[in-house]
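Have a look at the structure below before the remarks.
Taken together, the values in this text are just the output of simple stated rules run on the coordinates, not laboratory data. What you are looking at is a predicted structure, and each value in this text was computed from that prediction instead of being measured. FYI the Cβ positions are ideal-geometry reconstructions off the backbone, even for glycines, and counts take in every protein chain you see.
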């Protein structure tokens, strides 16, 4: 007869002896590149409550700012959320795996270069699909489904580019798009 194992809290800090070499390296490099320090600073400024989590992650919950969008986001080894992280992870059990993948991406990008690369990746995803995550290199490699994202098929690129070019031209010439018939700066009046 076997002894029943006690329930292990999946959000509890991982014992030092159970950490893999890869986790220890990721954690050290994210401290060295400054991204974890940045994440802790963002958590503090955003009023989040920070605690240690599994695999050397910091869990920052009840973050007050609405930006960036999403149920959770990661800066270095810090997972930030506006929600109660226990409830969030109970609803989405693979969320921390997704966020830990972003932590590895911060390490691989050597810290701050992650930000412009991520923004460019989100822009590419929006251009290709109309969705900010679906074609993002970073979200795809962190597993879309684990992050709560859906896989959206790509859309034809030429109509998107043509629409953007029309909007840019209207902005440059000081006019809104032809379909509104209203000039910029007239307050909506037609003379």
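Considering every alpha-carbon pair of region 1-156, the percent of pairs per 5 Å bin, from zero through the bin containing the longest distance, is 2, 9, 17, 21, 21, 15, 8, 4, 2, 1, 1, 0, 0.
Each residue in 141, 27 was given a count of other beta-carbon atoms within 10 angstrom of its own, and listing them fewest first yields 141, 27. Nearest 10 degrees, 0 to 90: what angle lies between the long axis of helix 95-108 and the longest principal axis of the chain (Cα atoms)? Once rounded, the angle reads 80 degrees. If the viscosity is 0.692 mPa s and the temperature 37 °C, what Stokes-Einstein diffusion coefficient in µm²/s follows for region 1-92 when Rh is the Kirkwood radius over Cα pairs? In µm²/s, the coefficient is 232. Antiparallel versus total DSSP beta bridges in the chain: what percent is that, nearest 5? Here the antiparallel bridges make up roughly 75 percent for the chain.
Expressed in units of 2.2 N^0.38 Å, where N is the residue count, the Cα radius of gyration of region 113-178 is 1.35. Among 67, 171, 58, the ranking by other beta carbons within 10 Å of each residue's beta carbon, starting with the fewest, stands as 67, 171, 58. By other beta-carbon atoms within 10 Å, ranking 85, 42, 161 with the fewest at the front produces 161, 42, 85. Between the Cα long axis of helix 21-32 and the first principal axis of the chain there is an angle of about 60°, rounded to the nearest 10. Using Cα atoms only, what is the angle between the long axis of helix 157-173 and the major principal axis of the chain, expressed in degrees (0 to 90) to the nearest 10? Rounded to the nearest ten degrees, it is 60.
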